[in-house]
Amino acid sequence: MYDILQLNDMIVPELLDIAEQLKIPNAKKMDKQELVYKILDNQAIAGAKTSNDGKSKQRKRIIKTTTGNSTEEAIVESNDKKTTKKLHAKKEEKPILKKGRKKEEVMDSVGEELTPSDDDVEIPETTSTPEIISTEDEGSSETTPAQTAKIYPQRRDQIFNIEFDGVIMSEGVLEMMPDGYGFLRSSDYNYLSSPDDVYVSPSQIKLFGLKTGDTVFGAVRPPKEGEKYFALLKVDTINAKRPEEVRDRVPFDYLTPLFPYEKLNLFDSPDNYSTRIMDLFTPIGKGQRGLIVAQPKTGKTVLLKAVANSIAKNHPECYLMVVLVDERPEEVTDMERSVRAEVIASTFDEPAEKHVKVSTMALQKAKRLVECGHDVIILLDSITRLARAHNTVAPASGKVLSGGVEANAMQKPKQFFGAARKIENGGSLTILATALIDTGSKMDEVIFEEFKGTGNMELQLDRRLSNRRIYPAIDLVASSTRRDDLLLERDVLQRMNLLRVYLTDMNTEEAMNELLKRMKGTKDNYEFLASMNG
């Protein structure tokens with residue numbers, strides 16, 4: 001019989017041979033530790049049986065000689081105990097079994113009767129542990145299974161193959177691949193490829209009718225051996241709706257666009273004059289396509305931040321996204337920390353392909369949300385830099401406009417800006433984008449001319465006001481909203497017409513100073529309009 005140290009020193013084939021001798025079922029499917037403990041358990045049970053048999057019947061050992069006298073056989077029988085004791089005394093000095101011992105040397109430990117040998121010198125003896133034999137010879141009490149359990153404690157089943165399927169929940173935006181499968185991209189990495197990507201099979205995409213930009217939430221499983229990515233097991237929600245509700249949706253391009261008629265309340269606090277002035281002169285509705293035309297250093301980023309905070313405070317039902325393309329890294333960090341919205345950004349030190357991919361994923365996500373009936377607002381800074389990135393990526397067509405702009409490069413930015421619309425009996429997509437002018441670049445002038453007139457709201461910022469530190473630096477006369485009669489109340493609209501006539505004869509600086517002077521001391525715009533007669 002073997003102890004645990006001897007069995008641990010053996011290799012797996014030797015343990016399998018011993019397991020076959022002990023008739024252990026399913027031995028080949030076990031690992032080494034399981035084999036060791038199974039052999040010990042079977043030895044303990046077999047040892048208990050043999051100790052009971054040894055008491056009732058003494059084993060006979062017969063040595064055949066050439067003469068074949070029966071007296072010699074009896075002598076061997078009487079001296080059997082002494083011979084075995086001497087033999088075991090010698091065996092105790094040496095290890096019983098060494099590592100790498102051949103299969104033929106390992107004898108059965110159950111205690112079968114040995115076959116007689118023709119040689120006089122060899123004494124047939126079972127190779128068993130000295131502890132068991134010495135207790136047998138000294139006539140100790142028989143070994144019970146309970147005692148063997150103390151010697152060889154039962155091994156607790158160690159669970160290594162823990163199933164994590166369905167335990168982990170993940171959410172991401174789907175990006176389709178040309179081969180039919182897709183990945184759920186994480187917003188932490190601006191929807192670019194990352195270690196958090198989750199693989200979505202083609203069968204799941206066909207079953208639920210998924211498209212690029214769908215926000216999928218569901219259970220995932222860890223990658224199996226040979227796999228690189230986590231895999232999606234079950235889809236719980238698609239764009240915050242049940243999968244059966246999303247399957248029959250109408251594609252974005254086939255939805256009916258309308259003029260915006262639901263006004264967004266931009267009033268935040270009495271001291272925030274930027275949003276108060278925008279609320280009166282350039283009201284924004286759900287589905288507005290607004291263009292903020294600005295020269296460098298006129299405070300357009302601060303204005304966007306104020307608008308974002310006002311919308312987040314007054315309209316929590318709207319999904320707000322701030323898309324920063326080709327921006328400074330410190331402004332990205334400032335926007336992430338000061339605005340309660342999803343910020344998707346790519347900095348100016350990154351390639352143009354990344355700018356294009358980030359903006360495309362943001363637009364596709366917004367479209368899928370609108371298809372499901374949500375109200376989405378995108379604040380883009382800036383559409384000029386986005387058009388520059390598309391111009392860099394666009395293949396050469398041979399037709400080049402003035403300023404080095406490819407003829408086909410403006411198509412994608414126009415699709416981005418033109419996606420803003422109010423959907424009939426559905427959601428809305430509002431886009432406020434900034435456009436740069438007077439930068440000294442001919443390309444920027446061409447890009448602005450391409451987008452001029454495409455929006456239904458235009459807000460002009462003036463460099464002369466910002467140079468005099470008059471904020472907000474808004475050109476009140478040049479800023480307006482198309483069909484503002486759908487957004488403003490009738491009384492407010494009449495008073496705004498009177499105010500515009502009053503400010504028309506002033507220059508930009510005088511008009512802003514006059515308006516700020518009248519607004520100070522009023523709690524809201526209604527009080528300001530009521531005080532106009534005084």
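The values are calculated or read from the model by the stated rules, or taken from the named source; none is laboratory data. Predicted model, so just to flag it, every value in this text is computed and none were measured. A quick note on method: Cβ atoms are made from the backbone with ideal geometry, for glycine too, and the neighbour counts reach across all protein chains shown.
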| So is residue 484 among the acidic types (Asp, Glu), closer than 15 Å to residue 290 by Cβ, at pLDDT below 95 and in the same structural domain as residue 304 (by the TED database) or not? | yes
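Residue by residue, here is whether (1) polar (S, T, N, Q); (2) at pLDDT below 85; (3) over 46 Å from the mean Cα position of the chain (by Cα) holds:
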| site | (1), (2), (3) |
| --- | --- |
| 12 | no, yes, no |
| 16 | no, no, no |
| 25 | no, yes, no |
| 29 | no, yes, no |
| 47 | no, yes, yes |
| 50 | yes, yes, yes |
| 63 | no, yes, yes |
| 69 | yes, yes, yes |
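Can you name every one of the strands (runs of 3 or more DSSP E) wholly within the stretch 172-257 that holds 2 or more residues which are more than 12 Å from the chain's Cα centre (by Cα) and within 14 Å of residue 368 (Cα to Cα)?
Where strands (runs of 3 or more DSSP E) fall fully within the stretch 172-257 and carry at least 2 residues being more than 12 Å from the chain's Cα centre (by Cα) and within 14 Å of residue 368 (Cα to Cα), they are 230-238.
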| field | Test set (1) under 22 Å from residue 334 (Cα atoms); (2) in contact with a Phe, Trp or Tyr (Cβ under 9 Å, 6 or more places away or on another chain); (3) part of a strand (DSSP E or B) - residue 275 fails condition number | value | (3)
| remark: The condition of being free of Cβ contacts under 8 Å to residues at least 60 places away in the same chain, surrounded by 17 or more Cβ atoms within 10 Å (Cβ to Cβ), of a type in the set (A, V, I, L, M) and on the phi < 0 side of the Ramachandran plot holds, among 446, 501, 477, only for 446
| said: Residues that are farther than 30 Å from residue 332 by Cα, surrounded by 15 or more Cβ atoms within 10 Å (Cβ to Cβ) and either in contact with a helix residue (DSSP H, G or I) (Cβ under 7 Å, 6 or more places away or on another chain) or aromatic (Phe, Trp, Tyr) (or both): does the stretch 183-206 have at least one? | reply: no
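Just to be sure before I move on: is residue 421 under 22 Å from residue 311 (Cα atoms), within 46 Å of the chain's Cα centre (by Cα) and among the basic types (Lys, Arg) in the structure I sent? Working first, answer last.
On the way: under 22 Å from residue 311 (Cα atoms): yes; within 46 Å of the chain's Cα centre (by Cα): yes; among the basic types (Lys, Arg): yes.
For residue 421, the condition - under 22 Å from residue 311 (Cα atoms), within 46 Å of the chain's Cα centre (by Cα) and among the basic types (Lys, Arg) - is met.
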| Just for the stretch 338-354: of the residues that are more than 22 Å from the chain's Cα centre (by Cα) and part of a helix (DSSP H, G or I), which one is surrounded by the most Cβ atoms within 10 Å (Cβ to Cβ)? | 352
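Filter the stretch 354-391 down to the residues that are of a type in the set (S, T, N, Q) and in contact with a Gly (Cβ under 8 Å, 6 or more places away or on another chain) and list them by number. Give the steps one after another, and end with the answer.
Start the filter on the stretch 354-391 by keeping residues that are of a type in the set (S, T, N, Q), which leaves 359-360, 364, 382, 384, 391.
The answer is 364, 391.
Looking only at residues in the stretch 420-443 that are among the β-branched types (Val, Ile, Thr) and surrounded by fewer than 21 Cβ atoms within 10 Å (Cβ to Cβ), which one is farthest from residue 318 (Cα to Cα)?
Narrowing the stretch 420-443 to residues among the β-branched types (Val, Ile, Thr): 423, 430-431, 434, 437, 439.
Retained after the next criterion (residues that are surrounded by fewer than 21 Cβ atoms within 10 Å (Cβ to Cβ)): 423, 437, 439.
Values: 423: 14, 437: 30, 439: 34 Å.
If we take residues in the stretch 420-443 being among the β-branched types (Val, Ile, Thr) and surrounded by fewer than 21 Cβ atoms within 10 Å (Cβ to Cβ), then 439 is farthest from residue 318 (Cα to Cα).
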| field | Filter result (crowded, with 22+ Cβ neighbours inside 10 Å and within 19 Å of residue 420 (Cα to Cα)) within the stretch 293-318 | value | 293, 304, 307, 308, 311
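Return the residues of the stretch 1-25 that are among the β-branched types (Val, Ile, Thr) and in a loop (DSSP other than H, G, I, E, B); say none if nothing qualifies.
The answer is 11, 24.
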| request: Would you check which residues across the stretch 279-307 are part of a loop (DSSP other than H, G, I, E, B) and within 13 Å of residue 457 (Cβ to Cβ) and list them? | output: 282, 283, 284, 286, 287, 288
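Here's the yes/no breakdown for (1) under 30 Å from residue 256 (Cβ atoms); (2) touching a Pro at 6+ places or on another chain (Cβ under 7 Å):
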residue: 434; (1), (2): yes, no
residue: 439; (1), (2): no, yes
residue: 456; (1), (2): yes, no
residue: 479; (1), (2): yes, no
residue: 483; (1), (2): yes, no
residue: 515; (1), (2): no, no
